[in-house]
Amino acid sequence: MLEDFFDQVIGLKSIHRKGWTKKVGIKEPESVADHTYSMTLMSVVLAELHALDVQKVATMSLIHDLAESLVGDYTPDEISLKQKRKLENNAMKEVLSSLPLTLAKKYEKIWNEYQETKTKEAQLVHDIDRLEMAFQARKYLEEGYDKDKLGKFLKTADKEIKNEYLRKILNKIIRNTINLTNTNV
């Protein structure tokens, strides 16, 4: 049973983040596993700095895209949020069913908390998801990809990140990006 769960986790290495391909034209973008690793390390550090439950934040970050191992990575223009949630909730139940019941229930509770975005931990993880996207957009910009297309990712992050501390980090990314391109993002 655990082997099935671990196979799902390993599968995230093969699922590319579709937004980079579809919206920017990157042929070999980061994988969901790449994104999750970066995001989780950022989450641990930022949870410590915010005096939040580090273990919960790390777990939440690690599982936030786990359902994509079964359903793939959808961009917002491909599927409604309601449809995406339904697909991902069903997939998450299936993935977690490979774990011992106590762990499955624990992770499902954390997954639901992430989905509801009501706790400080869930809000932080959602904001970090966008912050990591902004860092990745800057990396692709440094590699020479289209600044206008990447600018849309930075604008999304700017619109959605609520945490003031993370907004300061994002503003530095945006300033650095403007310096890289000599244009407004």
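The values are calculated or read from the model by the stated rules, or taken from the named source; none is laboratory data. Remember, it's a predicted structure, so these values are computed and weren't measured experimentally. Positions of Cβ are generated from backbone atoms using ideal geometry, with glycine treated the same way; all protein chains shown enter the neighbour counts.
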Boolean, residue 87 is surrounded by 14 or more Cβ atoms within 10 Å (Cβ to Cβ) and modelled with pLDDT under 95 | yes
Residue check for residue 95: in a helix (DSSP H, G or I), buried (at least 16 other Cβ atoms within 10 Å of the Cβ) and in contact with a His (Cβ under 8 Å, 6 or more places away or on another chain) | no
Of (1) at pLDDT below 95; (2) part of a helix (DSSP H, G or I); (3) more than 15 Å from residue 46 (Cβ to Cβ), residue 183 satisfies every one except (2)
Segment 124-148, residues that are buried (at least 16 other Cβ atoms within 10 Å of the Cβ), of a type outside the set (A, V, I, L, M) and over 17 Å from residue 175 (Cα atoms) = 126, 127, 129, 145
Breaking point among (1) part of a helix (DSSP H, G or I); (2) buried (at least 17 other Cβ atoms within 10 Å of the Cβ), for residue 103 | (2)
Give the residues of segment 138-180 that are assigned to a loop (DSSP other than H, G, I, E, B) and among the hydroxyl-bearing types (Ser, Thr, Tyr), sorted by residue number.
-> 145
Spot the failing condition for residue 61; the list is (1) in contact (Cβ under 8 Å) with a residue 60 or more places away in the chain; (2) part of a loop (DSSP other than H, G, I, E, B), and only one is missed.
-> (2)
Only one of these conditions is not met by residue 52: (1) closer than 18 Å to residue 110 by Cβ; (2) in a helix (DSSP H, G or I); (3) modelled with pLDDT of 95 or more. Which number is it?
-> (2)
Filter result (within 13 Å of residue 43 (Cα to Cα), in contact with a helix residue (DSSP H, G or I) (Cβ under 6 Å, 6 or more places away or on another chain) and charged (D, E, K, R)) within segment 100-128 | 121, 127
